[in-house]
Amino acid sequence: MPGLVQAFADINPVTLAVDAVRALMIGHGDVLGPGLGTLVWLVGLLLVFVPPVGASLQAGLSAGSTQSDDEDDDFEESFDSDFDSVFVSDPDDDSEVLEAPAFFFP
């Protein structure tokens, strides 16, 4: 493996987690190094991605819904109509028969 790729593979969070689990399962080996490396990656990724997501959620919640109630009702009606044929009751039998929805067979 080229040197740059090997260097990244050695500090990759998946490699570190696998090394830690492998050391725990074998019962010997260095668990502390890969375990701490995995936690450092976790904290780093959380610090990078949680604030922007939180800010966008805050902005979305403060802006309110952009869809009207009529649009929501139209979506629910179209969604429900797709699944009307999933369960069909036989008039002679009290059990329900499972059928494929109409959108599976155009």
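Every number here is computed from the coordinates shown, using simple stated rules; none is lab data. Model, not experiment: these values are computed from the prediction. In this analysis, Cβ positions are derived from the backbone assuming ideal geometry, glycine residues included, and neighbour counts consider all displayed protein chains.
Assorted remarks:
- The length gained on full extension between Leu45 and Ser62, counted as 0.36 nm times the residue separation minus their Cα-Cα distance, comes to 3.5 nm.
- The label-point distance for Leu32 and Val14, in a model that sets each label 7 Å from Cα toward Cβ, rounds to 2.9 nm.
- Segment Val21-Gln6, length gained on full extension (0.36 nm per residue, minus Cα span): 3.4 nm
- Neighbour net charge for Asp30 - beta-carbon separation under 12 angstrom, K R +1, D E -1: 0
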